[in-house]
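Engineer: So that we are looking at the same thing, I have put the structure below in structure tokens.
The values are calculated or read from the model by the stated rules, or taken from the named source; none is laboratory data. Every value quoted in this text rests on a predicted model; they were computed, and no experiment measured them. All Cβ positions, even for glycine, are placed from backbone atoms using ideal geometry, and neighbour counts span all protein chains on display.
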Amino acid sequence: MLVALILLWALLSTMSDLVASPAESLSALMDRFADGSIYRHLNATMQAVAIGFLIAAAVGFPLGYAIGRSKFLGAVFDPLVAGAFAIPRVIFFPILLQIFGVGVGAQSAMAALAAVFPIMVSTTAGVRAINPLLPKLARSLSLSPLQTVTKIYVPAMAPSLMVGIRIGFSIAFINVIIAEFFAARAGLGLLALRAYGMLDLPTMYGIIVLLAAIALIGNLALWAVERRLGNKQL
Amino acid sequence: MSHISPIDSVGHDSDVVFDNIGMTFGTGTGSTQAVANVSGAIPEGKFVSVVGPSGCGKSTLLDMVGGLLKPTQGTVSINGETVTGPRKDTAMVFQEDSTLHWRTVLDNVAFGLEVKGLPKTERYESARRMIELVGLSGFEDHRPGQLSGGMKQRVAIARALAMEPRVLLMDEPFGALDQQTRQFIGRELLHIWEKTRNRVLFITHDIQEAVYLSDEVWVMSARPSVVKEVVTIDLPRPRPEGTHSLPRFRELEDHLWALVKVEAEKTLGPGARLA
């Protein structure tokens, strides 16, 4: 599959001057690594993804859990969350720029804002899918509130938590790149767009390949963890 | 205090004692009285079943002994101590599957002991004993997803037994199983119980099951429910296969049926027909 894609890419590059060949792109990318100029951008992007994801997780997991467990919160937040899903989060980016200024802060905030929803939704669904007897069992065995969470809720919800983490990571990554396309001081998205502006096609294609590779590897790793958990649960 | 409680007439301090308990859910005009004025005792080493029409508060009764519900009237006491919350010396088995799907059978059975803080070797040792007792040897490393419904219930029973409870509370534990599995596992429960002899409070819809297993069957009335009659099951123990066809078994079963039928008709309204 991957080989076929690269072959197709190579074929296209021979037919058009607007497509850099895989070899050119790779060497342009290597040059960027060799002279160290890429690290600033790579760091900016990864930092924004990490900060954004962590904020989304710190807000999304507890909030999703609370919405799932409380009837009242469920009644209040379910329609809000469902409605908010229809709004493209990226339209708020200009406001985030106003607040945080151009930089990693705005990128991170964008990622957090976007990733918090899938994390919250899958956590809520996970709590609601828990066998209602398990809390009763926990009470009858006199589990402490902490034990109830760590020994019952978290393991019972592990698959949906992992889905939340995986989707949250993807969404955070996507939104950081989109945000970098709009306005950024550093970042791989910015770098790709700059290369486009300067018609430095090998670099542009090289960065795109790098981004795709990061997304793919990150997602596959999380997916593998998810599957292992799933197997354990059967 | 010179107050003479019905405990004196119905049981000893070491028993599980229901002292005129009642349970009302909700308040004001929307309230329902589920249980009214139940008194009785489960003596040491006795197997007591509770039968009665659907919704008569059988499970409520059990939850009150388990400390999951507080009676709105009267008290439940075990060994002379009023039950105020879940206790270490009671253990529950529920009707539906309550196994922890991410744990192996061994870790499921050891779960209660783990929560209690028992070291790994000790809890595994007693979990293995219980697994053998319920006939699941060889399945220690399986996960509940790989087991049948009947086997999962055995895991839940083993988990409860591992706690070495003075009182075993079983809320229609075989209710979700098919008839064949149900009879088979009922026989096994009896074998196990004959070895452990803890007190059992067993809720069931199945009158035959109640007669076969119990020393006493309490018949609950329709809501607000009271114990309408305590039927002593005077069949000799151990009860081998074939007990079901003893004339005395039939007599007891018919008698209980008649009692339950009257109550069920009250719940379902006049003219309701039962099988």
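Engineer: When you check B:Leu168 against the structure, is it farther than 21 Å from B:Met92 by Cβ, buried (at least 17 other Cβ atoms within 10 Å of the Cβ) and either within 15 Å of the chain's Cα centre (by Cα) or not β-branched (Val, Ile, Thr) (or both), yes or no?
Structural biologist: no
Engineer: Right, next: Condition first: within 31 Å of the chain's Cα centre (by Cα) and in a helix (DSSP H, G or I). Now tell me which residues in the range A:124-144 satisfy that.
Structural biologist: Within the range A:124-144, A:Thr124, A:Ala125, A:Gly126, A:Val127, A:Arg128 meet the criteria.
Engineer: If I ask for residues that are in contact with a Ser or Thr (Cβ under 9 Å, 6 or more places away or on another chain) and either assigned to a loop (DSSP other than H, G, I, E, B) or among the hydroxyl-bearing types (Ser, Thr, Tyr) (or both), which ones from the range A:54-100 would you list?
Structural biologist: A:Tyr65, the sole residue that qualifies.
Engineer: Do any strands (runs of 3 or more DSSP E) lying entirely in the range B:171-275 carry at least 1 residues that are under 15 Å from B:Val50 (Cα atoms) and among the acidic types (Asp, Glu), and which ones are they?
Structural biologist: B:216-220, B:227-232
Engineer: Another one. Does B:Pro240 count as modelled with pLDDT of 85 or more and at negative phi?
Structural biologist: Against the criterion (modelled with pLDDT of 85 or more and at negative phi), B:Pro240 qualifies.
Engineer: I've got another one for you. Checking B:Val155 against (1) surrounded by fewer than 17 Cβ atoms within 10 Å (Cβ to Cβ); (2) more than 15 Å from the chain's Cα centre (by Cα); (3) over 18 Å from B:Leu256 (Cβ atoms), only one condition comes out false. Which one?
Structural biologist: With (1) surrounded by fewer than 17 Cβ atoms within 10 Å (Cβ to Cβ); (2) more than 15 Å from the chain's Cα centre (by Cα); (3) over 18 Å from B:Leu256 (Cβ atoms) applied to B:Val155, the lone miss is (1).
Engineer: Taking into account only those residues within the range B:1-23 that are touching a Pro at 6+ places or on another chain (Cβ under 8 Å) and modelled with pLDDT of 80 or more, which is surrounded by the fewest Cβ atoms within 10 Å (Cβ to Cβ)?
Structural biologist: B:Asn20
Engineer: Report yes if B:Arg103 is crowded, with 22+ Cβ neighbours inside 10 Å and within 14 Å of chain A (Cβ to nearest Cβ), otherwise no.
Structural biologist: No: the conditions fail for B:Arg103.
Engineer: Restricting attention to the range A:101-141, and to residues there that are in contact with a Ser or Thr (Cβ under 9 Å, 6 or more places away or on another chain), surrounded by fewer than 20 Cβ atoms within 10 Å (Cβ to Cβ) and among the small types (Gly, Ala, Ser), which single residue is nearest to the other protein chains (Cβ to nearest Cβ)?
Structural biologist: Once the filter is applied, the top-ranked residue is A:Ala129.
Engineer: Still on this model: Give me the pairs, please: first residue somewhere in the range B:25-52 and at positive phi, second residue anywhere and in a helix (DSSP H, G or I), beta-carbon distance under 7 Å, and either six or more positions apart or on two chains.
Structural biologist: B:Gly40/B:Val10; B:Gly52/B:Lys58; B:Gly52/B:Val260; B:Gly52/B:Glu263
Engineer: Kindly indicate whether any position in the range A:44-63 is among the polar types (S, T, N, Q) and under 19 Å from A:Gly189 (Cα atoms).
Structural biologist: Scanning the range A:44-63 turns up at least one residue that is among the polar types (S, T, N, Q) and under 19 Å from A:Gly189 (Cα atoms).
Engineer: Same structure again: Among the residues of the range B:49-59, which ones are crowded, with 22+ Cβ neighbours inside 10 Å and either over 20 Å from B:Pro165 (Cα atoms) or at pLDDT below 90 (or both)?
Structural biologist: B:Val51, B:Gly52, B:Pro53, B:Cys56, B:Gly57, B:Lys58
Engineer: Residues A:Asn175, A:Asn219: which one is part of a helix (DSSP H, G or I), surrounded by fewer than 17 Cβ atoms within 10 Å (Cβ to Cβ) and of a type in the set (S, T, N, Q)?
Structural biologist: A:Asn219
Engineer: When you look at A:Leu191, is it within 30 Å of A:Ala23 (Cβ to Cβ) and buried (at least 18 other Cβ atoms within 10 Å of the Cβ), yes or no?
Structural biologist: In short, yes.
Engineer: Would you check if B:Ser126 is in a strand (DSSP E or B), more than 9 Å from every other protein chain (Cβ to nearest Cβ) and not aromatic (Phe, Trp, Tyr)?
Structural biologist: no
Engineer: Give A:Arg228, A:Arg194 a once-over and let me know the one that is basic (Lys, Arg), away from every other protein chain (no Cβ under 14 Å) and assigned to a helix (DSSP H, G or I).
Structural biologist: Result: A:Arg194 is the single residue among A:Arg228, A:Arg194 that is basic (Lys, Arg), away from every other protein chain (no Cβ under 14 Å) and assigned to a helix (DSSP H, G or I).
Engineer: A follow-up question, please. Among the residues of the range B:112-139, write down those that are under 22 Å from B:Phe184 (Cβ atoms) and either crowded, with 17+ Cβ neighbours inside 10 Å or touching a Pro at 6+ places or on another chain (Cβ under 6 Å) (or both).
Structural biologist: Listed by number, the residues that qualify are B:Met130, B:Ile131, B:Leu133, B:Val134, B:Leu136, B:Phe139.
Engineer: Now a separate question. Between residues in the range B:57-85 that are at positive phi and within 11 Å of chain A (Cβ to nearest Cβ) and residues that are small (Gly, Ala, Ser) and surrounded by fewer than 19 Cβ atoms within 10 Å (Cβ to Cβ), which pairs lie under 7 Å by C-beta distance while being six or more apart or on different chains?
Structural biologist: Between residues of the range B:57-85 that are at positive phi and within 11 Å of chain A (Cβ to nearest Cβ) and residues that are small (Gly, Ala, Ser) and surrounded by fewer than 19 Cβ atoms within 10 Å (Cβ to Cβ), the close pairs are B:Gly67/B:Gly85.
Engineer: For the range B:140-152, how many residues meet the condition of being farther than 21 Å from B:Asp178 by Cα and surrounded by 13 or more Cβ atoms within 10 Å (Cβ to Cβ)?
Structural biologist: Total satisfying the criteria: 3.
Engineer: Now, a different point. Taking the range B:147-170, which residues are under 19 Å from B:Lys120 (Cα atoms) and not in a helix (DSSP H, G or I)?
Structural biologist: Hits for the range B:147-170 are B:Met163, B:Glu164.
Engineer: Quick one: is A:Leu161 at pLDDT below 95, crowded, with 22+ Cβ neighbours inside 10 Å and more than 14 Å from chain B (Cβ to nearest Cβ)?
Structural biologist: No, not satisfied.
Engineer: Quick test of your reading of the structure: B:Ala222 fulfils all but one of (1) at pLDDT below 90; (2) among the hydrophobic types (A, V, I, L, M, F, W, C); (3) over 22 Å from the mean Cα position of the chain (by Cα). Name the failing condition by number.
Structural biologist: It fails just one condition, (3).
Engineer: Looking for something at pLDDT 90 or above and under 25 Å from A:Leu54 (Cβ atoms) - is there at least one such residue anywhere in the range A:197-209?
Structural biologist: Within the range A:197-209 (the criterion being at pLDDT 90 or above and under 25 Å from A:Leu54 (Cβ atoms)), the answer is yes, since at least one residue qualifies.
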